[in-house]
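For reference, the structure is listed below as structure tokens.
The values are calculated or read from the model by the stated rules, or taken from the named source; none is laboratory data. None of the values given here were measured: they were computed from a predicted structure. Note that each Cβ is placed from the backbone with ideal geometry, even for glycine, and that neighbours are counted across all protein chains shown.
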Amino acid sequence: MLTAMLVLMGIFQCPAVVCAQDQQSDTATKPAAKALPPIGFGDDQETTQPSDTLQPDNRPLTGFQQLTTGSPPERHSYWIPGISYTNFIQSSALTQGGGSGWNSTSFVTGNLSLLQNWSTSQLALNYSGGGSLSSDSSIGNGQFHQFGAVETFNWRRWQLTFLDEFSYLPESQFGFGAGTALSTPGVGGSLAPGLPGLQNGFTPSQSIFTAVGPRYFNSFGTQVNLLLTPRSSVTFGGVLGILRFTESENIESNDVILNAGFNYQVSRTDSFGLSYRFSAYHYIGLPQAIGDQAIQAVYGKKITGRLALQLSGGPEITNFRMSPGVGTKRQYIAGTGSVGLSYAFFPGSLSLSYAHGVNNGSGVLLSATSDQITGGATRRLSRVWSGNASLGYARNRSAATSTTQNQAYNTLYIGAGLRRPLSRSTNLALNYTANIETANNTICAGPNCGTNFTTHTITVGLSWHARPFVLH
């Protein structure tokens with residue numbers, strides 16, 4: 001997988017550019033507006049913005065949100081409606097419930113983005129929802145929804161953040177709509193407020209494709225950051241997450257994650273931190289439960305408009321409760337870690353993330369030890385055409401004390417696409433994605449069974465958004 005990421009970097013990288021020095025200040029955090037746009041989808045006028053026009057990302061290093069390369073200052077409040085049509089031409093629809101051969105599924109989506117600024121706070125919201133119609137009766141027709149919102153309050157020494165992420169989708173969110181407008185909520189592009197989402201490990205995992213049927217998840221988090229000195233701060237936060245399915249064959253779960261950390265800024269670009277995280281996973285209707293503790297050292301490097309890098313690692317202690325009251329509680333000690341990278345260059349961007357640790361099992365396993373890699377790149381190819389590539393790989397193994405401890409799943413999605421504006425408010429997107437899964441046991445979804453499968457998806461999408469409606 002490292003080789004694949006190096007290939008992506010080679011294709012989309014440009015000649016070296018002298019990196020601008022981050023002008024990060026020692027004052028309290030300003031409201032965050034936008035991060036880098038979603039991989040593979042953006043506004044027709046989108047280009048890499050000069051670093052001197054961006055606000056630095058002052059989110060705490062040990063917090064629960066992803067770091068970004070900065071955000072353009074927003075002085076106005078506005079909302080934008082939009083609509084999109086996306087058609088999936090798909091083969092071997094095992095992941096959607098047992099279809100065979102090729103089928104066509106159309107998604108008609110209404111989109112909404114909103115940014116509201118006040119003197120000491122900001123609310124950013126993105127929503128997409130609509131209906132789907134399929135030519136395959138085993139897939140059928142349905143609906144889908146994706147929602148994200150972040151509200152941040154900023155005072156002289158305090159920052160308070162509320163965050164919510166929700167989706168109701170016909171399949172796993174891992175790789176869903178990669179390279180198209182369906183991948184993230186909102187109108188997309190530079191006009192939509194960027195919502196730096198929760199890091200890996202703070203949301204219910206969905207990285208096994210063979211969980212059956214539509215599912216929904218929600219993660220709600222709140223976080224407080226207190227500035228102790230101009231260079232140091234402490235962070236406290238918590239996230240509640242749920243994963244539910246419409247079909248009874250899956251394993252549903254509740255997650256509670258608590259986080260605390262200390263942050264110290266060494267220079268304008270470099271910072272260090274120490275974090276403690278406790279995660280509890282409970283399964284609906286089952287006696288199994290997991291309590292997981294991780295202590296991590298964290299390093300961050302941020303160059304506004306160019307680079308955001310986060311590295312973390314440390315020990316992880318996991319307690320498994322298999323049957324309450326019977327004395328089958330066991331402890332497992334291992335390591336955990338993560339990498340997050342966002343890199344902007346002219347004329348494109350590159351992102352990469354990696355996470356290793358224990359998770360909820362993605363609706364298939366009663367807890368899993370997972371390695372997950374996701375990455376993407378965009379590059380302008382000509383005056384009107386731009387290209388994108390996306391990659392995701394996950395290996396989930398049953399946790400050591402699980403009753404299904406011999407099961408292992410390898411899932412991969414990889415895709416590439418093209419995009420061009422048809423007007424200032426209308427975009428056309430073309431994309432190809434392959435979803436591949438292999439396992440050391442038989443995979444069944446509907447009438448189809450096997451130890452591996454591959455799904456090919458050709459996507460054509462058309463999206464339109466109105467001009468922003470200014471609130472004040």
Being closer than 20 Å to LEU160 by Cβ, among the basic types (Lys, Arg) and out of contact with any His (no Cβ under 7 Å at 6 or more places or on another chain) narrows it down to one of ARG215, ARG268, ARG277, so name that one. ARG277
State whether the residues of the stretch 429-436 include one that is farther than 29 Å from GLY291 by Cα, assigned to a loop (DSSP other than H, G, I, E, B) and of a type in the set (Val, Ile, Thr). no
Name every residue in the stretch 340-384 that is over 30 Å from ILE295 (Cα atoms) and within 20 Å of the chain's Cα centre (by Cα), in order of residue number. ALA344, GLY348, SER349, ALA377, THR378
So LEU274, is it part of a strand (DSSP E or B) and either without any contact (Cβ under 8 Å) to a residue 12 or more places away in the chain or of a type in the set (A, V, I, L, M, F, W, C) (or both): yes
Does the stretch 112-144 hold any residues that are among the aliphatic types (A, V, I, L, M), crowded, with 19+ Cβ neighbours inside 10 Å and more than 20 Å from TYR78 (Cβ to Cβ), and which are they? ILE139
Any residue at all in the stretch 156-173 that is modelled with pLDDT under 95 and either more than 20 Å from PRO204 (Cα to Cα) or in contact with a Lys or Arg (Cβ under 7 Å, 6 or more places away or on another chain) (or both)? yes
Positions within the stretch 110-146 being of a type in the set (Ser, Thr, Tyr) and within 21 Å of the chain's Cα centre (by Cα), in sequence order: SER113, TYR127, SER128
Those residues of the stretch 320-339 which are on the phi < 0 side of the Ramachandran plot, at pLDDT below 95 and either assigned to a loop (DSSP other than H, G, I, E, B) or under 19 Å from the mean Cα position of the chain (by Cα) (or both) amount to MET322, SER323, PRO324, VAL326, THR328
Would you call PHE272 aromatic (Phe, Trp, Tyr), modelled with pLDDT of 95 or more and closer than 24 Å to GLY363 by Cβ? no
Members of the stretch 253-263 that are surrounded by 15 or more Cβ atoms within 10 Å (Cβ to Cβ) and farther than 10 Å from THR62 by Cβ: SER253, ASN254, ASP255, ILE257
Select from the stretch 201-237 the residues that are aliphatic (A, V, I, L, M) and in a loop (DSSP other than H, G, I, E, B) and write down the one among them that is surrounded by the fewest Cβ atoms within 10 Å (Cβ to Cβ). LEU228
Positions within the stretch 455-472 being polar (S, T, N, Q) and either under 18 Å from TYR127 (Cα atoms) or touching a helix residue (DSSP H, G or I) at 6+ places or on another chain (Cβ under 9 Å) (or both), in sequence order: THR455, THR459, SER463
Among the residues of the stretch 289-319, write down those that are over 23 Å from the mean Cα position of the chain (by Cα) and either among the acidic types (Asp, Glu) or surrounded by 22 or more Cβ atoms within 10 Å (Cβ to Cβ) (or both). ILE290, THR318
Test result for ASN250, crowded, with 16+ Cβ neighbours inside 10 Å, more than 22 Å from ARG156 (Cα to Cα) and polar (S, T, N, Q): yes
Over the stretch 116-141, the set of residues outside any strand (DSSP E or B) and of a type outside the set (Val, Ile, Thr) is TRP118, SER119, SER135, ASP136, SER137, SER138, GLY140, ASN141
The condition of being touching a residue at least 60 places away in the same chain (Cβ under 8 Å), closer than 19 Å to THR68 by Cα and of a type in the set (Ser, Thr, Tyr) holds, among THR180, THR235, THR203, THR210, only for THR235
VAL187 in contact (Cβ under 8 Å) with a residue 12 or more places away in the chain, among the β-branched types (Val, Ile, Thr) and either farther than 28 Å from LEU430 by Cα or surrounded by fewer than 21 Cβ atoms within 10 Å (Cβ to Cβ) (or both): no
Select from the stretch 145-184 the residues that are surrounded by 20 or more Cβ atoms within 10 Å (Cβ to Cβ) and charged (D, E, K, R) and list them in ascending order. GLU165, GLU171
So for the stretch 239-250 (the condition being without any contact (Cβ under 8 Å) to a residue 12 or more places away in the chain, in a loop (DSSP other than H, G, I, E, B) and within 30 Å of SER172 (Cβ to Cβ)), does at least one residue qualify? yes
Could you tell me which residue of the stretch 43-91 is modelled with the highest pLDDT, considering only residues that are in a loop (DSSP other than H, G, I, E, B) and surrounded by fewer than 17 Cβ atoms within 10 Å (Cβ to Cβ)? HIS76
